[in-house]
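Below: one structure, written as structure tokens.
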Amino acid sequence: MSIQRKFFANVFPAMLAFAFSGIYAIVDGFFIGQKLGDMGLAAINVAYPITAFIQAVGTGIGMGGAIAVAICIGQKNEEGQKHYLSNTLVLIGISCIAITVLLLLGFPILLQWFGAGGELLGLAEQYTQVIAIGAAFQILGTGLTPLIRNYNGSVIAMCSMVAGFLTNVVLDWLFVMVLSYGMTGAAVATIIGQAVTAVIGALFLWKKKKLQCLLGYRPSKGEIHRILLGGLSPFGLTLSPNLVIIVINKAAFLYGGDHAVACYAVVSYVVCIVQLLLQGVGDGCQPLISQAYGAGQERDMHTVRRMAYVTGGILSVVSMGVMYSLRGVIPGVFGVSDGLTQDVARVLTIFLLGFVFVAFLRITIPYFYAVKRTLFACLLIYGEPILLCLMALLVLPSILGVDGVWISVPAVQMILTALGIFLLVWSQKKTKATELPS
């Protein structure tokens, strides 16, 4: 199979898988918005960063292991594959226990820190408590998916996400709309959907006889360190949009009150879909880039990256056109009040300006961590929430009011794109295929 055919065989399933992985909370928001109105929708948005943190833990560990596995595949190192896979699976298991305990103990404090209070806090707590109880299913679902893709399972990974998504939709309708279980029902639907995804992923690895690596498992500090280091960037890439949500929620509340927070809830859902599709392009390339890196095939690395930029650019422009044309329709889909519809359409238009920059960043960052340029990836990932804290909370709102909060998002994305171009040009001369893990 040519590198071009491999690209499309990996990227398109990954795009759909990432999109479905992020639609869980959007589906919850849709049904809750229809049933409970603006306050329920805002509660889902406030609670979502906790869900995203859980998913980021699974994605970070899974991707960290997947990168090491893919490089070993490129090197034709069978024993290395087994060692990295077994250590990754054990780390996923440990994180399931640790994250569940920590969230059950601390989620009320986190929600208050995110800005929830009064009725909003009560609704968010109902949702988050169930999410914390079922955290293991989300970690397993998101943690196994990168491993599956690196064992030529892109289609299976996509199907597992679709199956989980459809389960979530049906159960959301049943629990929220029919049985009126409210926030708790929406959370239970999400957890069961993630469990479906996790089971399909585990069955795939079992059928491929990859779980046999756990027999006679012996931990390796060096391999665990490399997995965690490699996972630092994908963890941040998954979590960063939700750190952005936290920052913008706080800024919106300070400068625009509950009305602005509810407005941003709808906008963040729409933007999330596009970001995840673009991240699917970048992470879908990861197995090909890491394997080519391991095999010393630098030409294939650059071919894949170039195709990813073209695909991401087209996707971002098309998304801008579609979202702009539907800007007056989208608010009604989430059941927002008439007084909020016009503001949502206006704010969404501002966010659309950053889609091209997001496309560049969501492809460049996975490229960096696929070739072990972790520092560069981290600069771009963690730079976004740090810059937004400055721009959205202090600088622009002091001049433009609440509009400064919205404008800060594409402004920061433009700044990071300029930094990314610089780092890419600089690293082009430095990256060598001989810099491989032992």
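The values are calculated or read from the model by the stated rules, or taken from the named source; none is laboratory data. All values reported here derive from a predicted model rather than from experimental measurement. No Cβ is skipped: glycine too gets one built from the backbone with ideal geometry, and neighbour counts run over all protein chains shown. The protein model used for the area step is the full one, side chains on, heavy atoms only, and it has no ligands, DNA or RNA in it. Shrake-Rupley method; radii C 1.70, N 1.55, O 1.52, S 1.80 Å.
For Lys6, are the conditions met, namely being under 17 Å from Gly153 (Cα atoms) and of a type in the set (Lys, Arg)?
So Lys6 fits the description; yes.
List pairs: first in region 91-107 and farther than 17 Å from Thr142 by Cβ, second open to solvent by less than 30 Å² (accessible area, probe 1.4 Å) and part of a helix (DSSP H, G or I), Cβ under 8 Å, 6+ apart or cross-chain?
Leu104/Ala132; Phe107/Ile50; Phe107/Thr128; Phe107/Ala132
Could you look through region 105-126, keep only residues that are under 22 Å from the mean Cα position of the chain (by Cα) and assigned to a helix (DSSP H, G or I), and pick out the one that is modelled with the lowest pLDDT?
Step by step, filter region 105-126, then rank; the result is Trp113.
Restricting region 172-182 to residues that are touching a Gly at 6+ places or on another chain (Cβ under 7 Å) and of a type in the set (A, V, I, L, M), which is farthest from Val27 (Cα to Cα)?
Step by step, filter region 172-182, then rank; the result is Leu179.
What do you reckon, is Val270 in contact (Cβ under 8 Å) with a residue 40 or more places away in the chain and surrounded by fewer than 24 Cβ atoms within 10 Å (Cβ to Cβ)?
yes
Take region 108-127 and flag every residue that is open to solvent by less than 40 Å² (accessible area, probe 1.4 Å) and charged (D, E, K, R).
None; the set is empty.
Any residue at all in region 33-46 that's buried (at least 22 other Cβ atoms within 10 Å of the Cβ) and within 16 Å of the chain's Cα centre (by Cα)?
Yes, some residue in region 33-46 is buried (at least 22 other Cβ atoms within 10 Å of the Cβ) and within 16 Å of the chain's Cα centre (by Cα).
Out of (1) of a type outside the set (Val, Ile, Thr); (2) farther than 27 Å from Ala265 by Cβ; (3) under 18 Å from the mean Cα position of the chain (by Cα), what's the single condition that is false for Gly80?
All conditions are met except number (3).
If a residue must be open to solvent by 50 Å² or more (accessible area, probe 1.4 Å) and either of a type in the set (D, E, K, R) or in contact (Cβ under 8 Å) with a residue 60 or more places away in the chain (or both), how many such residues does region 307-331 contain?
So the count comes out to 1.
Going by the structure shown, is Asn10 under 20 Å from the mean Cα position of the chain (by Cα), more than 24 Å from Phe137 (Cα to Cα), among the polar types (S, T, N, Q) and open to solvent by 20 Å² or more (accessible area, probe 1.4 Å)?
Against the criterion (under 20 Å from the mean Cα position of the chain (by Cα), more than 24 Å from Phe137 (Cα to Cα), among the polar types (S, T, N, Q) and open to solvent by 20 Å² or more (accessible area, probe 1.4 Å)), Asn10 qualifies.
A quick yes/no check of all residues on (1) at pLDDT below 90; (2) assigned to a helix (DSSP H, G or I); (3) of a type in the set (S, T, N, Q); (4) touching a helix residue (DSSP H, G or I) at 6+ places or on another chain (Cβ under 9 Å):
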| position | (1), (2), (3), (4) |
| --- | --- |
| Leu140 | no, yes, no, yes |
| Thr145 | yes, yes, yes, yes |
| Arg149 | yes, yes, no, yes |
| Asn152 | yes, no, yes, yes |
| Ala157 | yes, yes, no, yes |
| Leu166 | no, yes, no, yes |
| Val170 | no, yes, no, yes |
| Trp173 | no, yes, no, yes |
| Ser180 | yes, no, yes, yes |
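For region 69-87, state whether one or more residues are hydroxyl-bearing (Ser, Thr, Tyr), in contact (Cβ under 8 Å) with a residue 60 or more places away in the chain and either within 17 Å of Ile191 (Cα to Cα) or surrounded by fewer than 22 Cβ atoms within 10 Å (Cβ to Cβ) (or both).
No: zero hits.
May I ask you to list the residues in region 128-173 that are free of Cβ contacts under 8 Å to residues at least 24 places away in the same chain and open to solvent by less than 60 Å² (accessible area, probe 1.4 Å)?
Answer for region 128-173, where residues must be free of Cβ contacts under 8 Å to residues at least 24 places away in the same chain and open to solvent by less than 60 Å² (accessible area, probe 1.4 Å): just Leu171.
Within region 292-301, can one find any residue that is without any contact (Cβ under 8 Å) to a residue 60 or more places away in the chain and within 23 Å of the chain's Cα centre (by Cα)?
No: zero hits.
Quick check: anything in region 236-253 open to solvent by 10 Å² or more (accessible area, probe 1.4 Å) and hydroxyl-bearing (Ser, Thr, Tyr)?
Yes, there is a match, as at least one residue in region 236-253 is open to solvent by 10 Å² or more (accessible area, probe 1.4 Å) and hydroxyl-bearing (Ser, Thr, Tyr).
Considering Gly296, Gly282, Gly256, which residue is closer than 26 Å to Leu326 by Cβ and surrounded by fewer than 24 Cβ atoms within 10 Å (Cβ to Cβ)?
The conditions single out Gly256.
Does Leu379 meet the test of being aliphatic (A, V, I, L, M), over 17 Å from the mean Cα position of the chain (by Cα), closer than 26 Å to Ala68 by Cα and surrounded by fewer than 21 Cβ atoms within 10 Å (Cβ to Cβ)?
Against the criterion (aliphatic (A, V, I, L, M), over 17 Å from the mean Cα position of the chain (by Cα), closer than 26 Å to Ala68 by Cα and surrounded by fewer than 21 Cβ atoms within 10 Å (Cβ to Cβ)), Leu379 qualifies.
Suppose the filter is within 20 Å of Phe53 (Cβ to Cβ), open to solvent by less than 10 Å² (accessible area, probe 1.4 Å), out of contact with any His (no Cβ under 9 Å at 6 or more places or on another chain) and modelled with pLDDT under 90; does Gly231 pass it? Lay out the reasoning, then the answer.
Details: within 20 Å of Phe53 (Cβ to Cβ): yes; open to solvent by less than 10 Å² (accessible area, probe 1.4 Å): yes; out of contact with any His (no Cβ under 9 Å at 6 or more places or on another chain): yes; modelled with pLDDT under 90: yes.
For Gly231, the condition - within 20 Å of Phe53 (Cβ to Cβ), open to solvent by less than 10 Å² (accessible area, probe 1.4 Å), out of contact with any His (no Cβ under 9 Å at 6 or more places or on another chain) and modelled with pLDDT under 90 - is met.
If only one of Val333, Val329, Val274, Val347 is modelled with pLDDT under 85, touching a Phe, Trp or Tyr at 6+ places or on another chain (Cβ under 9 Å) and farther than 23 Å from Ala70 by Cβ, which one is it?
Val333
Quick test of your reading of the structure: Trp206 fulfils all but one of (1) over 21 Å from the mean Cα position of the chain (by Cα); (2) open to solvent by 20 Å² or more (accessible area, probe 1.4 Å); (3) within 21 Å of Ile133 (Cβ to Cβ). Name the failing condition by number.
Among (1) over 21 Å from the mean Cα position of the chain (by Cα); (2) open to solvent by 20 Å² or more (accessible area, probe 1.4 Å); (3) within 21 Å of Ile133 (Cβ to Cβ), Trp206 violates only (3).
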